[in-house]
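Okay, structure first, notes after.
The values are calculated or read from the model by the stated rules, or taken from the named source; none is laboratory data. No experiment lies behind these values; they were computed from the predicted model shown. Every residue, glycine as well, gets a Cβ built from its backbone with ideal geometry; the counts of neighbours run over all protein chains shown.
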Amino acid sequence: MPELVLVNAGELVTCAGGGDGDQEALGVIEDGALMVDGGRISWIGTSKELGRKTFGKPRRTMDARGGLVTPGFVDPHTHLVFAGSREDELDRKTRGESYVSILSSGGGIQRTVRDTRKATAREICAQSLARVEQMVANGVTTVETKTGYGQRARDELKMIQAIELLRKATKIDVVSTFLGLHAKPPEFDDSGEYVDYAIREMLPLVARSQARPAFSDCFCEEGIFSRGDCARYLRASRELGFSLKIHADEFADSRGASLAAESGCVSADHIGHSGPAGIESMAEKGVVAVLLPGTSLYSSISYADAKGIIRAGCSVALGTDLSPNSWIESPQFVMGLACAGLKMTPAQALLGFTANAAKAISRADVGSLRLGNSADFVVHSLTGYRQLPYRLGGSYVRKVIKEGREVYSREV
């Protein structure tokens, strides 16, 4: 007796084919249907094929009413756990100030550090939960989030505690990353001294924490942390058993892409200015490229060369980069930016928030609708996947299902 049967999907998009983002790779099933048992997908096909099957009466039948059904969206790059807000900095940017200029004046990350240090773990969790609920309403069923706004041991541990509270408070998967090198805190005059502190003091404490993060991350960028500093940090993180990520080459080519390949990173994120050699080394080592076009929009910096990265052979994921700098809670909006700004196809954009995003967080059980995978899917009022990056600004998610359970519903 199936626990759930979904029928009458105008397009059921499995995203199970991999590849470079053509329709065949998407696995589009017209008039699709699927069956769920034990929170996992137990059968996929057409509604007509389902009608010929013999099985017990399902506990629940869900009628997609001709709507699009996709895997639940996976957001592989956010900074959604923080306290406070920085909406006035958008005003400053419109007047010509750069991200780096705002940071050097005590704004940007350092402002959020001050706000986050003042808040309790429960206060941080409560503010972050409101953001997660917005993301769920936009179809997100798995989200990665980073620390990095504590920048001293007790406050980074507090952020890890807040992420764990958030994980327990929400009905979706929350993947934790320790961002040990985000920016130099005010207590340190020299970035190298802070790197020493992060490696000597913070990394061991985080590695022993009860809610140990899955990944360790750093910000490799000119004027922030050097390639050498990040290489030391990643090596120390790997020795403590962390999987690795890196923020790389957002504003200039700091050779962070090649460092990602040399260090065995699962993903390199931003990479708006990475050179061809660095991208080729990522492709050779299987490093996922996580592109963040919303950040390019907010920070007025150039978009990554998505076409070149795809041609080089990298899997390309997309993320919202939800943070105080780029407060974006909608994968659909970022898909639109990916098509308009990065010139990705609608199929590539959808794979960016599903199968390829799952690769970027080392999760094979989410991001695609295949037998045995977690039954995470979204029922849209839209009728085809090409409408996702085309019809922006509306509310088109009807239902969000996580492990076979409905976690959001809005009849439209």
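Side notes on the structure shown:
- Flag: R363 matches the condition of being among the basic types (K, R) and under 19 Å from the mean Cα position of the chain (by Cα).
- Condition met for V36 (in contact (Cβ under 8 Å) with a residue 24 or more places away in the chain, more than 30 Å from R311 (Cβ to Cβ) and not basic (K, R)): yes
- One residue stands out among those in region 72-105 that are among the small types (G, A, S) and either part of a strand (DSSP E or B) or surrounded by fewer than 17 Cβ atoms within 10 Å (Cβ to Cβ) (or both): the one that is modelled with the lowest pLDDT, which is S104.
- Hits in region 271-286 (condition: buried (at least 22 other Cβ atoms within 10 Å of the Cβ) and among the aliphatic types (A, V, I, L, M)): I271, I279, M282
- Lone qualifier among S368, S326, S362 - being modelled with pLDDT under 95 and part of a loop (DSSP other than H, G, I, E, B): S326
- Put simply, of S315, S296, S300, S258 the only residue that is crowded, with 21+ Cβ neighbours inside 10 Å and more than 18 Å from the chain's Cα centre (by Cα) is S258.
- Failed item, numbered, when F251 is tested on (1) surrounded by fewer than 24 Cβ atoms within 10 Å (Cβ to Cβ); (2) of a type outside the set (S, T, N, Q); (3) closer than 17 Å to F178 by Cα: (3)
- Residue that is nearest to S330 (Cα to Cα) [pool: residues in region 128-149 that are surrounded by fewer than 24 Cβ atoms within 10 Å (Cβ to Cβ) and without any contact (Cβ under 8 Å) to a residue 60 or more places away in the chain]: E133
- L240 being surrounded by fewer than 24 Cβ atoms within 10 Å (Cβ to Cβ), within 28 Å of L203 (Cβ to Cβ) and of a type in the set (A, V, I, L, M): yes
- Sole exception among (1) over 26 Å from T46 (Cα atoms); (2) buried (at least 20 other Cβ atoms within 10 Å of the Cβ) for S362, by number: (2)
- Among the residues of this structure, A355 counts as one that is in contact (Cβ under 8 Å) with a residue 60 or more places away in the chain, assigned by TED's automatic domain parsing to the domain that holds T170 and crowded, with 24+ Cβ neighbours inside 10 Å.
- Each residue in region 380-412 was checked for being surrounded by 18 or more Cβ atoms within 10 Å (Cβ to Cβ) and either in the same structural domain as E329 (by TED's automatic domain parsing) or under 21 Å from V174 (Cα atoms) (or both), and 9 of them qualify.
- Yes/no for S98 being free of Cβ contacts under 8 Å to residues at least 12 places away in the same chain, more than 18 Å from the chain's Cα centre (by Cα), assigned by TED's automatic domain parsing to the domain that holds D189 and over 12 Å from A162 (Cβ atoms): no
- Residue list for region 150-193, restricted to those being without any contact (Cβ under 8 Å) to a residue 24 or more places away in the chain and farther than 17 Å from Q127 by Cα: R154, F188, D189, D190, E193
- The residues listed here are A268, A289; of these, the one that is over 21 Å from V13 (Cβ atoms), within 19 Å of the chain's Cα centre (by Cα), surrounded by 24 or more Cβ atoms within 10 Å (Cβ to Cβ) and without any contact (Cβ under 8 Å) to a residue 24 or more places away in the chain is A268.
- Looking across region 334-348, the residues that are assigned to a helix (DSSP H, G or I) and touching a residue at least 60 places away in the same chain (Cβ under 8 Å) come down to A347, Q348.
- Matching residues, region 367-377, being more than 12 Å from the chain's Cα centre (by Cα) and either buried (at least 24 other Cβ atoms within 10 Å of the Cβ) or among the hydroxyl-bearing types (S, T, Y) (or both): S368, L369, S374, A375, D376, F377
- Between S101, S47, the distinction of being of a type in the set (S, T, N, Q) and within 30 Å of S300 (Cα to Cα) belongs to S101 only.
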